1. Listing Val303, Val90 from the residue with the fewest other Cβ atoms within 10 Å to the one with the most, what is the order?
2. Where the eigenvalues come from the Cα gyration tensor of segment 308-355, what are the semi-axes √(5λ) of the equivalent ellipsoid, largest first, in whole Å?
3. Out of segment 357-422, which trypsin sites (Lys or Arg not before Pro) are coil in DSSP terms and have no more than 16 other C-beta atoms within 10 Å?
4. For segment 316-367 and segment 239-300, what is the centre-to-centre distance using only Cα atoms, to the nearest Å?
5. Given the Cα atoms of segment 213-333, and with Rh set as the inverse mean 1/r over their pairs in the Kirkwood sense, what is Rg to Rh to two decimals?
6. For Val277, Val94, which order do you get if you count the other beta carbons within 10 Å of each Cβ and list the fewest first?
7. Can you give the percent of C-alpha pairs in segment 322-403 whose distance is more than 16 Å?
8. Arranged from highest to lowest average of other beta-carbon atoms within 10 Å per residue, in what order do the peptides 63-71, 340-348 appear?
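Readers should treat all values here as calculations from the given coordinates under stated rules, not as data from a laboratory. Since the model is a prediction, treat every value here as computed from it, not as a measurement. Ideal geometry is used to build each Cβ from the backbone, glycine not excepted, and the neighbour counts take in all protein chains shown.
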Amino acid sequence: MSSHKLTLAKLFTAQLFSGAGIASGYAVGGLLAEQITGRTAMAGFAQMSVILGAGLVAYPLATLAGRYGRRTALTLGFGTGTLGAGVVLVGVSVGFLPLFMLGMMLCGSSTAAGLQARYAASDTANPQKPGQAMSIVIWATTVGSVLGPNFTEPGSRLGDFLGINPLSGPYLISMGCFAMAALAAFSLGSVRRTTAGTTPAEVPTPAAGTAPAAAQASATARPSLGESLRYLLSRPVARYAVITVITGQMIMTNVMVMTPVHMDHQHFDLSAVGIVVSIHILGMYVFSPVFGWMADRWGPRTVINIGMVVYTVTIVLGIYDSLLPTSNFLILNTALFLLGVGWSMFLIGGSSLLVKSVDGRMRVPLQGVSDSAMNLGGAFMAAFAGTLLNTGGFFLINAAAAVVLLVNIVFAILANRRAQSPAEAPETIPATVR
């Protein structure tokens, strides 16, 4: 087996366990927060804590990857998630919301590590086909994530058997899964360092009279956060790529975190909630290899544009369901499946567009910026999702998602107009991105 395939296999394994761990507790996080506080508005803060934790950890993990390699960053990310699941169990057992939310934030580290794994796969791939490598690792999450929510009921029984809150039982499964993901990441061994992210062809030729060593040091020096942001703001295509990843996460988070709570209010049981979450997560990952191939074959923007259509259908179905006297299980499943598909298209399309539209030196820092921003955006939506549901029901949840989608469409139009400028097109939109 080639080193590239071996690396993909290990990343695949880490993603499988990570996906199972994240999904195992996903369906009950909001219910636990509502149970601890007795307030529906606090339900969204549980998932907000996970996403906020992922956002806060994403950039430091990328910095760590740049200095010490992906193995160190991924192992630490999944290991921190393992600790977080344990803290969640303690927080629930003592009924102390701040401790519970701290544990959820630490669990977010596994989310951040899982997202970084897709870039770890692209590090060893053909530079012109990053979508395919990323999508294979993203697809690995399918098996674990689809199985994870179905651990909700067995996890609940396990918790009851152990004498703890039954709803916290799934986090025992999460803890074990995150630990296995950390072991898989640690086994990566000597994976190509991502410090510079450049190939020899990307290192500028030293100017006449310039010391080659000094020129190479300048080319490979790690850029600061400020320099990375200035670079991003000056590139409309790269900026749109990051906006796509952010808005895709915001739309998905806003609807998904409140769906279990909405279903609970509609008197669906935990098994039904687990099915809907499983179907949603299936949509998030099952077609990722296809979308990766599409991004490499027809361009990332094609994938993003189709994702816009999918998100539109999702929102229409969600609004329709909210207007029914009683929520329809089939419509919810369809809407949540398409919600996952739209997220996948935005994530793969946006990530591929980012990889193809920035130079090697800026690639890893901007990947960290993108992942951090997408999770912070998701955390922002999750923080207000409970209030939105409490105020305007499932209708307002989907209406807010529609507003975010409109923002993405506006940025798409702006990026397209800027890319048409003859002065900017050669610099900002390489042929591989068109």
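1. Taking fewest neighbouring Cβ atoms as first place, the list is Val90, Val303.
2. For segment 308-355, the semi-axes come out at 27, 9, 5 Å.
3. none
4. Here the answer is 5 Å between Cα centres.
5. That ratio equals 1.14.
6. Val94, Val277
7. 66 percent
8. Descending mean neighbour count gives 340-348, 63-71.
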